[in-house]
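> Right, I'll just put the structure down here and ask away after.
We did not get these values from a lab; they are worked out from the coordinates using the rules stated. Note that the coordinates shown come from a computational prediction; the quantities given were computed from them, not determined experimentally. When we count neighbours, we look across all protein chains shown, and the Cβ atoms used for this are built from the backbone with ideal geometry, even at glycine.
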Amino acid sequence: MISLGIETSGRAGSVALAVDGVLVGERDLAASGRRHARTLVPEVRELLASQGLAARDVNLVAVSIGPGSFTGLRVGVVCAKTLAYAVGCPIVGVDTFLAVAAAQSDLGRVWVIDDALRGDVFAGEYARVDGRWKCEQTPRLIPVSDWRALLAADAVVTGPGIATLAADLDGMILGAAEFRIPHARQVVALGDMLASEGRLDDPWTLSPFYMRRSAAEEKADQAGATAS
């Protein structure tokens, strides 16, 4: 089975290709969420071509659905749904934070975070159970101070939010730097696992796990409230 993984939840995205569960290639996207719309399709095409394949050969599309960047997630999910529909293959959405947790080979429990801006954080807790990572506390949008109050003294924190929330993480145990960013190789591996269990998504209804509306929408609401 030929599986394609797409990860565009942050500024540095990636695409990965697996054949019968074995990773055969991965390509990084330009490190800017606003450019994913221009670089994603060409990178997918080149990744497939590097293995002598075309889009019609793909049997499964796995896509990171968040939490993460509003724009990045929208671009990735739309691309994944369009490709799956065009070639007639199944699609599966993958929890972005689960993909981060799955990279932590030497840990058994972690909090995964991303910066939600405005003093908030996206945060979810994950644990390894019988050799597989599972979500223990569903990702939520929460003020940083409230999230800190939830942590046990020995909690390990990882995720892309560490880069911008360093001042709020003083004294915490942090996961290894090389495993904090979600990658398409974890997305495609988790996608294969979910597909093998029959946990596929409907391409018509699959949507990103935004958790917060776009900045433009929130700004429009604020303007409307001020005007009234």
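> Order 149-160, 70-81 from most to least packed using the mean count of other Cβ atoms within 10 Å. Working shown, then result.
On the way: 149-160: 16.0, 70-81: 22.8.
Those peptides, ordered most packed to least, come out 70-81, 149-160.
> Now a separate question. With label points built 7 Å along Cα→Cβ from the Cα atoms of Arg45 and Asp28, find their separation and express it in nm.
2.3
> What residues from the range 191-207 fall in the zone where the backbone N is under 12 Å from a label point 7 Å along the Cα-to-C-beta line of Asn59?
Residues 192, 196 qualify, since their backbone N sits under 12 Å from the label point.
> Another question, then. With each run of n ≥ 4 DSSP H residues scored as -39500 (n - 2.57), what mean residue ellipticity at 222 nm is computed for the chain after dividing by its residue count and rounding to the nearest 500 deg cm²/dmol?
Numbers: 6 runs with 73 residues, N = 228.
Taken over the chain, the calculation gives -10000 deg cm²/dmol.
> Please give the charge dipole size of the range 104-179, origin at the Cα centre, charges +1 on K and R Cβ atoms and -1 on D and E Cβ atoms. Round to the nearest 20 debye. Please report the intermediate quantities before stating the final value.
On the way: 7 positive and 12 negative charges, 44 e Å.
Magnitude of the dipole: close to 220 debye.
> Subtracting the Cα-Cα distance from 0.36 nm times the residue separation, let me have the gained length for Ala127 to Ala37 in nm, one decimal.
Working: separation 90, 0.36 × 90 = 32.40 nm, distance 3.33 nm.
Residue separation times 0.36 nm, minus the Cα-Cα distance, leaves 29.1 nm.
> Then there is this: So what is the relative contact order of the range 1-155, in percent, for Cα pairs below 8 Å that sit 6 or more residues apart? Working shown, then result.
Numbers: 302 pairs, mean separation 26.6, N = 155.
Result for the range 1-155 is 17 percent.
> For the chain, give the magnitude of the charge dipole about the Cα centre (Cβ charges: +1 Lys/Arg, -1 Asp/Glu; no others), in debye to the nearest 20.
Working: 22 positive and 27 negative charges, 114 e Å.
Computed about the Cα centre, the dipole is about 540 debye.
> Turning to a different aspect of this structure: Please identify which residues in the range 1-33 have an amide N closer than 16 Å to a label point set 7 Å out from the Cα of Tyr85, following the Cα→Cβ vector.
none
> Okay, next question. What net charge do the residues around Trp147 carry, taking every other residue with its C-beta under 13 Å from that of Trp147, with Lys and Arg at +1 and Asp and Glu at -1? Could the numbers behind the result be given before it?
Working: positive: Arg140, Arg148; negative: Asp114, Asp115, Asp120, Glu125, Asp146, Asp168.
Value of the local net charge: -4.
> Test of the criteria: in the range 117-183, which trypsin sites (Lys or Arg not before Pro) are in a DSSP loop and have at most 13 other Cβ atoms within 10 angstrom of their Cβ?
Working: sites: Arg118, Arg128, Arg132, Lys134, Arg140, Arg148, Arg180; in loops: Arg118, Arg180.
Loop-located and lightly packed - Arg118.
> Can you compute the equivalent ellipsoid semi-axes for the range 104-179, i.e. the square root of 5 times each eigenvalue of the Cα gyration tensor, sorted largest first and rounded to whole Å?
Details: eigenvalues 78, 36, 25 Å².
After diagonalising the Cα gyration tensor, the semi-axes are 20, 13, 11 Å.
> Continuing with the same structure: Given N residues in the range 39-142, what is Rg(Cα) / (2.2 N^0.38 Å)?
Numbers: Rg = 16.1 Å, N = 104, 2.2 N^0.38 = 12.8 Å.
My calculation over the Cα atoms of the range 39-142 gives 1.25.
> Another question about this same structure. Looking at Val129, Ala80, Ile162, which one has the Cα that reaches farthest to the positive end of the dipole of the range 60-163 (charges on Cβ: Lys, Arg +1; Asp, Glu -1)?
Ala80
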